[in-house]
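Working notes, structure below.
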Amino acid sequence: MMVPPGPPPMDPPALVAPAPEPPGPVVVTQTPTISAALTNSEIEVDSSYAGASLVLYGAVFNPGDDPVDVVLVVRGPERPVRLVRKVRVAGLWLNSRPVVFEGAPAFYVMASTRPLSEIAGFGVLRRMGVGLDHIQIDAPDEARTVNLYGVRDVVISRLGEDYLEWRRAVIRLKERDGLYRADPSGVRFVDPGLFRAEIVLPPEAPTGEYRTEVWLFQNGQAISVRRNTIQVRRVGVERWLHNFAFFQPWLYGLVSVLLAGFTGWAASRWFRRT
Amino acid sequence: MDVYLPIAEVSVNAPLLLALGALVGFISGLFGIGGGFLMAPVLVFLGIPPAVAVASQANHVVASSTSSVLTYSKAGSVDYRMGGIMALGGAVGALFGVELFRLLRLLGQADLVVAVSYLLLLGSIGALTLKESLTTILARRRGEPARREPTRRPLWLYGLPFRVRFPRSGLYISAIPPLLLGVFAGILSAIMGVGGGFILVPAMVYILRMRAAVVVGTSLFQILITTAVTTVLQAGRNQTVDIVLSTLLMVGGVLGAQYGAKASARFRADEMRAALGLLILLVGLQMGLSLFLRPDDPFALAPGGAG
């Protein structure tokens with residue numbers, strides 16, 4: 001606060017390296033640093049699961065006068081996305097062959113203190129994969145077709161003039177389902193140097209490991225980062241049923257039918273008596 | 001009270017599903033149909049992935065039809081021999097249908113096939129049933145003598161080999177037509193999640209001309225076997241049976257089915273057929289509409305991405 005603005009922050013190292021925080025006493029440097037933690041890093045999915053909400057809070061140590069911005073990114077486990085385009089054939093709306101995007105995050109939330117465009121430039125954000133427009137969705141450079149599950153000629157990627165349109169569609173559809181979200185005012189400073197953000201997981205968000213990144217931006221560059229993980233796990237009956245259905249599917253099917261038959265039989269018995 | 005479904009991976013309102021099960025069960029007991037054609041569209045509307053909806057409701061139909069078959073069986077109105085032959089065909093059809101559906105999902109064409117099946121089958125059967133029953137009702141209202149149904153069956157029923165006696169149905173015909181009918185119902189069971197009652201009942205009435213009293217009970221018996229086979233296959237091959245979802249539906253369903261079966265005695269047969277025809281027609285048109293309307297978004301996520 002009293003010190004004149006420090007030298008311009010050194011950009012790439014802080015960006016590439018995770019920049020581990022000094023654990024103990026705060027080391028006074030010229031570069032602002034960030035620290036963040038989650039209220040809860042284990043989400044348990046049970047039969048009453050209706051999504052989850054967790055709070056991320058953190059502190060910014062800013063020795064200089066230059067304003068800083070905080071950007072939070074949460075990425076869910078990567079899952080392939082299959083997308084079809086509706087095409088009109090003889091007056092009917094039909095699906096095209098599906099295009100598979102490999103490695104799109106199943107969940108993506110970006111929250112920041114200001115609109116991203118005011119925080120950093122296009123190139124920086126694109127390199128970091130921060131923001132809905134910059135989500136890294138892997139797609140091979142050339143169209144190739146493979147045999148998938150015995151189905152021939154599934155188009156894995158169709159990079160071309162309409163590739164961007166397909167990509168945007170993935171993001172738009174995921175956004176509509178509440179799985180991708182961008183909130184340019186989602187990170188709020190509750191006190192100078194102290195911020196909080198809320199992460200809402202809809203029940204549709206899959207189980208697995210979620211990675212959070214809290215970036216500190218100054219003068220258009222990322223200068224510090226804090227990484228955490230969130231585990232979303234099935235527990236109890238939910239876990240047992242899911243495992244049963246996927247690891248012993250035939251037995252599971254048989255049990256389902258027997259249960260149904262028994263329910264029907266019991267109902268008919270009960271109704272005969274009354 | 002929301003409950004998280006382990007396979008569908010969505011959170012749904014439990015009382016709503018119970019009520020839906022009861023309503024479909026009531027209609028099922030009333031008309032002697034599985035009722036699956038009604039439930040699949042509603043489940044999809046509630047946000048359940050179509051593949052899970054189709055497979056889980058097949059399991060629900062097992063419960064509601066067990067309950068109904070037991071009721072009809074006590075009244076002696078199930079032809080087990082006829083039903084057994086159709087169920088054999090149904091099992092074969094289900095086996096084929098589950099594989100077909102799996103392939104269609106991977107090709108991204110499952111929606112199309114489901115929509116077209118609903119439009120063509122429900123649309124035509126609904127329209128035919130409605131027309132036939134309205135004609136009968138109008139004739140009755142005008143006081144005309146009831147048109148005697150021609151008792152002659154199509155000759156090819158007799159020309160085919162493997163003739164079997166069906167004493168309860170009052171038939172002595174080839175086993176091939178009921179078997180093929182069963183195969184067809186089995187394929188529908190896998191693709192549309194329906195038992196196939198809406199197609200079996202008219203076929204048994206108008207083509208086989210079975211004794212009217214055993215039609216509904218026999219159809220339900222074949223539905224029971226076919227959907228049981230479909231459930232096991234869907235669970236084993238596609239892991240799409242959600243036991244929590246189907247249990248919620250079936251608890252409501254079996255209760256509804258009992259009341260439906262009792263209520264059916266209070267209505268005239270032709271009026272019931274008219275109501276059923278109208279219902280089938282409307283669902284068919286509603287499902288088929290998606291083929292003709294410009295979609296809100298030119299793109300859609302295809303299921304099976306994680307698969």
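Here are the numbers for this structure:
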| item | result |
| --- | --- |
| Test: residue in the range B:53-72 that is touching a strand residue (DSSP E or B) at 6+ places or on another chain (Cβ under 8 Å), part of a helix (DSSP H, G or I) and over 19 Å from A:T263 (Cα atoms) | no |
| Filter result for the condition that a residue is more than 11 Å from chain A (Cβ to nearest Cβ) and crowded, with 19+ Cβ neighbours inside 10 Å, over B:V114, B:V62 | B:V114 |
| Check on B:R209, in a loop (DSSP other than H, G, I, E, B), surrounded by fewer than 24 Cβ atoms within 10 Å (Cβ to Cβ), under 20 Å from the mean Cα position of the chain (by Cα) and not β-branched (V, I, T) | yes |
| Pairs where the first residue, in the range A:67-86, is more than 10 Å from chain B (Cβ to nearest Cβ) and crowded, with 19+ Cβ neighbours inside 10 Å and the second is in a strand (DSSP E or B) and among the polar types (S, T, N, Q), C-beta under 6 Å, 6+ apart | A:V68/A:Q218; A:V71/A:S112; A:V74/A:T212 |
| Selection count where residues are in contact with an Asp or Glu (Cβ under 9 Å, 6 or more places away or on another chain) and touching a residue at least 24 places away in the same chain (Cβ under 8 Å), scope the range A:91-106 | 7 |
| Helices (runs of 4 or more DSSP H) enclosed by the range A:157-274 - at least 1 residues per element that are surrounded by 15 or more Cβ atoms within 10 Å (Cβ to Cβ) and more than 9 Å from chain B (Cβ to nearest Cβ) | A:163-176 |
| Some residue of the range B:19-33 being more than 17 Å from the chain's Cα centre (by Cα) and under 30 Å from A:V45 (Cβ atoms) | yes |
| Odd one out for A:R126, checked against (1) touching a helix residue (DSSP H, G or I) at 6+ places or on another chain (Cβ under 6 Å); (2) surrounded by 21 or more Cβ atoms within 10 Å (Cβ to Cβ); (3) at negative phi | (2) |
| Residue match in the range B:182-195 (condition: within 14 Å of chain A (Cβ to nearest Cβ), out of contact with any Cys (no Cβ under 6 Å at 6 or more places or on another chain) and either modelled with pLDDT of 80 or more or part of a helix (DSSP H, G or I) (or both)) | yes |
| Selection within the range B:170-224 - touching a Lys or Arg at 6+ places or on another chain (Cβ under 6 Å) and under 25 Å from B:V254 (Cβ atoms) | B:V214 |
| Given (1) within 22 Å of A:A267 (Cβ to Cβ); (2) modelled with pLDDT of 85 or more, index of the condition B:K262 fails | (2) |
| Residue count for the range A:39-62, restricted to those that are assigned to a loop (DSSP other than H, G, I, E, B) and within 14 Å of another protein chain (Cβ to nearest Cβ) | 6 |
| Criterion (within 14 Å of another protein chain (Cβ to nearest Cβ) and either buried (at least 19 other Cβ atoms within 10 Å of the Cβ) or of a type in the set (A, V, I, L, M, F, W, C) (or both)) met by exactly one of B:A8, B:A19 | B:A8 |
| Residue in the range B:79-93 that is part of a helix (DSSP H, G or I), facing chain A (nearest Cβ under 10 Å) and among the aliphatic types (A, V, I, L, M) present | no |
| Criterion violated by A:V87 - all others in (1) under 30 Å from B:L112 (Cβ atoms); (2) part of a loop (DSSP other than H, G, I, E, B) satisfied | (2) |
| Which numbered condition B:G108 misses (of (1) within 12 Å of chain A (Cβ to nearest Cβ); (2) on the phi < 0 side of the Ramachandran plot; (3) touching a residue at least 40 places away in the same chain (Cβ under 8 Å); (4) not hydrophobic (A, V, I, L, M, F, W, C)) | (2) |
| Near pairs, Cβ below 7 angstrom, 6+ apart or cross-chain, from the range A:241-270 (touching a residue at least 24 places away in the same chain (Cβ under 8 Å)) to any residue that is surrounded by fewer than 21 Cβ atoms within 10 Å (Cβ to Cβ) | none |
| Checklist (1) within 14 Å of chain B (Cβ to nearest Cβ); (2) surrounded by fewer than 18 Cβ atoms within 10 Å (Cβ to Cβ) applied to A:P105, failing item | (2) |
| A:R79 within 30 Å of A:G236 (Cβ to Cβ) and in a strand (DSSP E or B) | yes |
| Residue within the range B:264-284 that is in a loop (DSSP other than H, G, I, E, B) and within 9 Å of chain A (Cβ to nearest Cβ) present | no |
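Each row is one residue, and each column tells you yes or no for (1) within 19 Å of A:L56 (Cβ to Cβ); (2) modelled with pLDDT under 80; (3) under 21 Å from the mean Cα position of the chain (by Cα).
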{"residue": "A:I135", "(1), (2), (3)": "no, no, yes"}
{"residue": "A:G150", "(1), (2), (3)": "no, yes, no"}
{"residue": "A:V170", "(1), (2), (3)": "no, no, yes"}
{"residue": "A:D177", "(1), (2), (3)": "no, no, yes"}
{"residue": "A:P202", "(1), (2), (3)": "yes, no, yes"}
{"residue": "A:P206", "(1), (2), (3)": "no, no, yes"}
{"residue": "A:S224", "(1), (2), (3)": "yes, no, yes"}
{"residue": "A:Q231", "(1), (2), (3)": "yes, no, yes"}
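Results for (1) closer than 26 Å to B:P178 by Cα; (2) in contact with a Pro (Cβ under 6 Å, 6 or more places away or on another chain); (3) not hydrophobic (A, V, I, L, M, F, W, C), shown as yes or no for each residue.
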site	(1), (2), (3)
B:G217	yes, no, yes
B:I223	yes, no, no
B:L233	yes, no, no
B:N238	no, no, yes
B:V241	no, no, no
B:G256	no, no, yes
B:R266	no, no, yes
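The values are calculated or read from the model by the stated rules, or taken from the named source; none is laboratory data. Quantities reported herein were computed from a predicted structural model and do not represent experimental measurements. Positions of Cβ are backbone-derived with ideal geometry, glycine not excepted, and every protein chain shown enters the neighbour counts.
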